[in-house]
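Engineer: Submitted below is the structure of interest, expressed as structure tokens.
The values are calculated or read from the model by the stated rules, or taken from the named source; none is laboratory data. This structure is a prediction, so every number in the text was calculated from the model and none was measured. No Cβ is skipped: glycine too gets one built from the backbone with ideal geometry, and neighbour counts run over all protein chains shown.
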Amino acid sequence: MKLASVWTSVVQVFNVLTFSSPSDESHSTAAQIPLALDLDPDTTTPPPPPSFIHSSDPGPIIAVTQDASGNFYHGSRRLVQEYHSGMVYDPNDYLEVPLRTNGKEGSFVYKDDPFVGVPKNPQEGVGGGLHCHYPNMTEWESCYGPKNRTCWLRHRQTGRTIDIDTDYEDPKEVPAGSIRRYHLEVSEQPIAPDGTTMEHGKVFNRMYPGPWIEACWGDWIEVTVKNNLRWNGTSVHWHGIRQFESFQHDGVNGITECPIAPGDSFTYRFRALQYGSAWYHSHYSLQYGDGLLGPMTIYGPSTANFDDDEAFRPILLTDWNHRSVFEDWPIMMASGRAPSMTNILMNGTGQFGWGPKPDKYTVFLDEGNAHMLILVNTAVDTTFVFSIDHHILEVIEMDFVPIKPYNTTNIKIGIGQRYHVIVHGLHEPYKEERYGNYWMRAVPARKCSKFAFGPDEQMGIVRYNQTLADHPDDASDPISEPPLYDINCADEPYDKLVPHRPWTVGNPANIHTGVATPNHNESYIFKVGMVKSGGPGSNTPYIPDDKEYSRWAMHMAPFRINFSDPTLLGLDRLNDLIDRPYLDIVTLPDVDEDQWIWLVITAPANIPADGGRIFFPAAHPMHLHGHDFALLRQSSNNWFDDAERNTTGEGAWFTPKNLNCQNEHIKCKNPPRRDVVLLPASGYVIIAFKADNPGAWIFHCHIAFHASSGLAMQIIENKDKIPAIMEKDRGVINQACDRWREWHGNKNNHWDFHNPDHFQDDSGV
Ligand SMILES: [Cu+2]
């Protein structure tokens, strides 16, 4: 149906690559598979120049044949085609999906193998949904659909199911999927997502946001990243992915790898054990703030049903400036405060200035239907409150954790956090408002945002297909009013976030009840504060000696990685690394994998300066790599005593002796769990994670300017198990480091011509 037109237009516009080998009689048509870049119709970037980037290595091109009726064959087996562009088929039973077409990438499934069709997305214009493919599970069939979103696969004989109750933390319980390969090219180009040009855009595959990486529960994901930047390295982090026993693919330069040098490529490999949505982004300095990010969805079961063929797609919310984050960085350095933001973008679309600008981001709903939307906050500084006028949001998943559904009119989303929400289409949409159009709002949370002027919060529009049928020419703005809700800076209410699959947290294995003052290496309490850094004679590695700046820090020193000497390659010198305060390494005791590590992170406000550190109230969205953590307590009350107000802080309740599950102030029975938590201003959080994932994990504030300032640390977990796990990748990591060191060693490559020693002036992450 739609295939022909899409196919033709893609082929006409873009380069093509001949794809079949005519050795089989069944194919009389020479199939041509476009392997070129397409621009998302919603992307507001001006069309890129015609010299489209192709991957330097498009991967093996395999003989898949096509007959006159358009059917594809691999040998004698007919393939079910799900997408129509950009696909390459590999015979080793896996799918190769060159991601150059903004989610329109293609893949094949064997007709006889179990596959699960995920919700279709008409807005992609391709008329198909991704198909999940379990080639080695021929005894299983799909049990997933609009009437039963909790089920995923069912055994044909025994009836056993893999579903929402399956323990996704256990790799043996997770279905064995396919390998999905993606190619991402990093380059620099001006972009104008809101109609005003930002000269220093940095993008994946020449698109902003980057292409939607889609995979299925249990798949292996392989992403090759090619760095085409001139002045910067890069490394790409897959936010929220646990990287179970694959820590070396976490994409944090200076910790798990050297940056990918300009001209070089690096391939990340990891398994999708969790399901839900997230994003991927550069972890090189502030880079993602200039555009290096994109959505990522792993299809799996849900805790509530929703309809097919609907608006299902990620909605990325972000703040935006028309200056590069690297131009803004000196403002942060000099003032200690993040620079003001200018605008808000919804999925890479906004409106600014007097010139031509894109239409508002629009989602079409159907009367009475249940639509799943994916909300992701990809900002550098802003917590958002999202709402749709006159609509209720049914929240079913946070981060990568399915939760018991709850209803709300608005949802608070911190940087890096994600929610899956079901929007129930109104039954008589056009009766409610003049034409049945409604604002989608992204309101910056008070005290968790800073804009130069009040930005446009009416960021998107919900329209109804029924209304459109009656008023085909109607492009009028909604006149709807928002519901009343508070926009204070906070996470969603603690009690509402109830994971579907419960965890019971155990007592801490890393806290010794008799210890009065933990030493640095065993410490579990962190005070987020600012330190003076630099100044004459300070010999701070990244600040000229004649400057003294205030910087954020978890401990005594602001964080700073060494691009050329990542932690994973320095473990045989670990004690030496630990002695450098700016690497802020906390080594956990080697404990059994069913043991729990507890951490207390405080944001003191009114306590005296401590060893040169000063404290003032600010909220921070804290993100831990490598784990979903349990949120045992989240409080906006002081942890420390407040002499000024003569109050006793709540820390008095949690001495090492009392910091356990017997404490009534701590929730060990199925607490919320996620990978980003808002540390409330002047308050604290107590988190816990199971020590089951060896690695070197960064724990950092996701306000990009704070992380660059130094608000980060690294946690080394079960270090004795690290060498064996990374052995197979040690060669490629070393090789990438060699190339980085070679590139970085040539000072002609340094961006500051006047001062080539001035290369890294921030934390590097
Ligand atoms: Cu912060």
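Engineer: For the range 652-704, which positions are touching an Asp or Glu at 6+ places or on another chain (Cβ under 8 Å), among the charged types (D, E, K, R) and surrounded by fewer than 24 Cβ atoms within 10 Å (Cβ to Cβ)?
Structural biologist: Listed by number, the residues that qualify are Lys690, Asp692.
Engineer: Within the range 674-692, which residues are among the charged types (D, E, K, R) and away from the ligand (no atom under 16 Å from the Cβ)?
Structural biologist: Start the filter on the range 674-692 by keeping residues that are among the charged types (D, E, K, R), which leaves 674-675, 690, 692.
Within the range 674-692, Arg674, Lys690, Asp692 qualify.
Engineer: Say we look at the range 677-707 and pick out the residues that are of a type in the set (A, V, I, L, M) and under 19 Å from Tyr168 (Cα atoms); which of these is modelled with the highest pLDDT?
Structural biologist: Here is the first cut: in the range 677-707, the residues of a type in the set (A, V, I, L, M) are 677-679, 681, 685-688, 691, 696, 698, 703-704, 707.
Going one step further and asking which of them are under 19 Å from Tyr168 (Cα atoms), we end up with 688, 691.
Working: Ala688: 97, Ala691: 94.
That would be Ala688.
Engineer: If you go through the range 243-261 one residue at a time, do you hit one that is among the aliphatic types (A, V, I, L, M) and more than 17 Å from Leu568 (Cβ to Cβ)?
Structural biologist: In the first step, residues of the range 243-261 are kept if they are among the aliphatic types (A, V, I, L, M); the result is 252, 255, 260-261.
Next, only the ones that are more than 17 Å from Leu568 (Cβ to Cβ) stay: 261.
Yes: the range 243-261 contains one or more residues that are among the aliphatic types (A, V, I, L, M) and more than 17 Å from Leu568 (Cβ to Cβ).
Engineer: Something else about it: Considering only the range 736-759, I want to know if a residue exists there that is at pLDDT below 95, touching a strand residue (DSSP E or B) at 6+ places or on another chain (Cβ under 8 Å) and away from the ligand (no atom under 16 Å from the Cβ).
Structural biologist: no
Engineer: Any residue at all in the range 364-381 that is on the phi > 0 side of the Ramachandran plot and outside any strand (DSSP E or B)? Steps first, answer last, please.
Structural biologist: First pass over the range 364-381, keeping only residues on the phi > 0 side of the Ramachandran plot: 368.
Next cut, outside any strand (DSSP E or B) only: 368.
Within the range 364-381 (the criterion being on the phi > 0 side of the Ramachandran plot and outside any strand (DSSP E or B)), the answer is yes, since at least one residue qualifies.
Engineer: Another one. Assigned to a helix (DSSP H, G or I) and more than 16 Å from the ligand (Cβ to nearest atom) - does that describe any residue in the range 693-707?
Structural biologist: no
Engineer: Between residues in the range 689-706 that are over 22 Å from Arg633 (Cβ atoms) and residues that are part of a helix (DSSP H, G or I), which pairs lie under 6 Å by C-beta distance while being six or more apart or on different chains?
Structural biologist: So the pair list comes out as Pro694/Lys721; Pro694/Ile722; Gly695/Phe247; Ala696/Thr567; Ala696/Leu568; Ala704/Gly289; Phe705/Met332.
Engineer: Given the condition within 30 Å of Phe386 (Cβ to Cβ), at pLDDT 90 or above and not acidic (Asp, Glu), answer yes or no: does some residue in the range 527-549 qualify?
Structural biologist: The answer is yes, given that some residue of the range 527-549 is within 30 Å of Phe386 (Cβ to Cβ), at pLDDT 90 or above and not acidic (Asp, Glu).
Engineer: Here is a follow-up. Checking the structure you have, find out if any residue of the range 185-203 is buried (at least 22 other Cβ atoms within 10 Å of the Cβ), among the charged types (D, E, K, R), modelled with pLDDT of 90 or more and in a strand (DSSP E or B).
Structural biologist: Among the residues of the range 185-203, at least one is buried (at least 22 other Cβ atoms within 10 Å of the Cβ), among the charged types (D, E, K, R), modelled with pLDDT of 90 or more and in a strand (DSSP E or B), which makes the answer yes.
Engineer: May I ask you to verify whether Trp238 is aromatic (Phe, Trp, Tyr), in contact with an Asp or Glu (Cβ under 8 Å, 6 or more places away or on another chain) and more than 19 Å from Arg739 (Cβ to Cβ)? Let's see the steps before the verdict.
Structural biologist: Working: aromatic (Phe, Trp, Tyr): yes; in contact with an Asp or Glu (Cβ under 8 Å, 6 or more places away or on another chain): yes; more than 19 Å from Arg739 (Cβ to Cβ): yes.
So Trp238 fits the description; yes.
Engineer: Please tell me if Thr408 is modelled with pLDDT of 95 or more and either basic (Lys, Arg) or under 19 Å from Leu317 (Cα atoms) (or both).
Structural biologist: yes
Engineer: Go through Tyr406, Tyr435, Tyr430 for me and flag whichever is assigned to a helix (DSSP H, G or I) and not polar (S, T, N, Q).
Structural biologist: Tyr430
Engineer: It is to be established whether one or more residues within the range 552-559 are closer than 30 Å to Pro301 by Cα, at pLDDT 85 or above and part of a strand (DSSP E or B).
Structural biologist: Checked the range 552-559: no residue is closer than 30 Å to Pro301 by Cα, at pLDDT 85 or above and part of a strand (DSSP E or B).
Engineer: Condition first: more than 18 Å from the chain's Cα centre (by Cα), outside any strand (DSSP E or B) and not basic (Lys, Arg). Can you find one or more residues in the range 315-323 that meet it? It would help to see each step written out before you state the result.
Structural biologist: Taking the range 315-323 as the starting set, the residues that turn out to be more than 18 Å from the chain's Cα centre (by Cα) are 321-323.
Filter once more, so that each one left must be outside any strand (DSSP E or B): 321-323.
Subsequent filtering for residues that are not basic (Lys, Arg) retains 321-322.
The answer is yes, given that some residue of the range 315-323 is more than 18 Å from the chain's Cα centre (by Cα), outside any strand (DSSP E or B) and not basic (Lys, Arg).
Engineer: Does Glu222 satisfy the criteria of being of a type in the set (Asp, Glu) and assigned to a strand (DSSP E or B)?
Structural biologist: So Glu222 fits the description; yes.
Engineer: Another question about this same structure. When you check Ser636 against the structure, is it within 16 Å of the ligand (Cβ to nearest atom), in contact with a Ser or Thr (Cβ under 8 Å, 6 or more places away or on another chain) and more than 15 Å from Pro604 (Cβ to Cβ), yes or no? If you could, list the steps in order and put the result at the bottom.
Structural biologist: Values: within 16 Å of the ligand (Cβ to nearest atom): yes; in contact with a Ser or Thr (Cβ under 8 Å, 6 or more places away or on another chain): yes; more than 15 Å from Pro604 (Cβ to Cβ): no.
The answer is no for Ser636.
Engineer: Still on this structure: Yes or no: the range 334-341 includes at least one residue that is at pLDDT below 90, under 18 Å from Gly416 (Cβ atoms), touching an Asp or Glu at 6+ places or on another chain (Cβ under 6 Å) and in a loop (DSSP other than H, G, I, E, B).
Structural biologist: yes
Engineer: Tell me which of these Gly240 doesn't satisfy, since it passes every other one: (1) on the phi > 0 side of the Ramachandran plot; (2) in a strand (DSSP E or B).
Structural biologist: So Gly240 meets the others, but not (2).
Engineer: Determine whether Ala618 is small (Gly, Ala, Ser) and in a strand (DSSP E or B).
Structural biologist: Spelling it out, it is not the case that Ala618 is small (Gly, Ala, Ser) and in a strand (DSSP E or B).
Engineer: Further, regarding this structure: Return the only residue of Thr349, Thr409, Thr362, Thr342 being more than 15 Å from the chain's Cα centre (by Cα) and surrounded by 21 or more Cβ atoms within 10 Å (Cβ to Cβ). Write out each step before concluding.
Structural biologist: On the way: Thr409 fails: surrounded by 21 or more Cβ atoms within 10 Å (Cβ to Cβ); Thr362 fails: surrounded by 21 or more Cβ atoms within 10 Å (Cβ to Cβ); Thr342 fails: surrounded by 21 or more Cβ atoms within 10 Å (Cβ to Cβ).
Answer to the check: Thr349.
Engineer: Considering each of Trp697, Trp740 in turn, give the residue that is of a type in the set (Phe, Trp, Tyr) and over 23 Å from the mean Cα position of the chain (by Cα).
Structural biologist: Only one candidate qualifies: Trp740.
Engineer: Additional query: If we keep just the residues of the range 579-629 that are at positive phi and touching a strand residue (DSSP E or B) at 6+ places or on another chain (Cβ under 8 Å), which is surrounded by the most Cβ atoms within 10 Å (Cβ to Cβ)?
Structural biologist: Going through the qualifying residues, I end up with Asp584.
Engineer: Which of the numbered conditions does Thr602 fail, given that it passes all the others? Conditions: (1) modelled with pLDDT under 90; (2) within 16 Å of the ligand (Cβ to nearest atom).
Structural biologist: Just one mismatch for Thr602, condition (1).
Engineer: For the range 708-734, which positions are in a helix (DSSP H, G or I) and within 16 Å of the ligand (Cβ to nearest atom)? Let's see the steps before the verdict.
Structural biologist: Filtering the range 708-734 for residues in a helix (DSSP H, G or I) gives 708-709, 719-734.
Residues satisfying the conditions are Ser708, Ser709.
Engineer: With respect to Gly368, is the statement that it is assigned by TED's automatic domain parsing to the domain that holds Asn488 and surrounded by 24 or more Cβ atoms within 10 Å (Cβ to Cβ) true?
Structural biologist: No, not satisfied.
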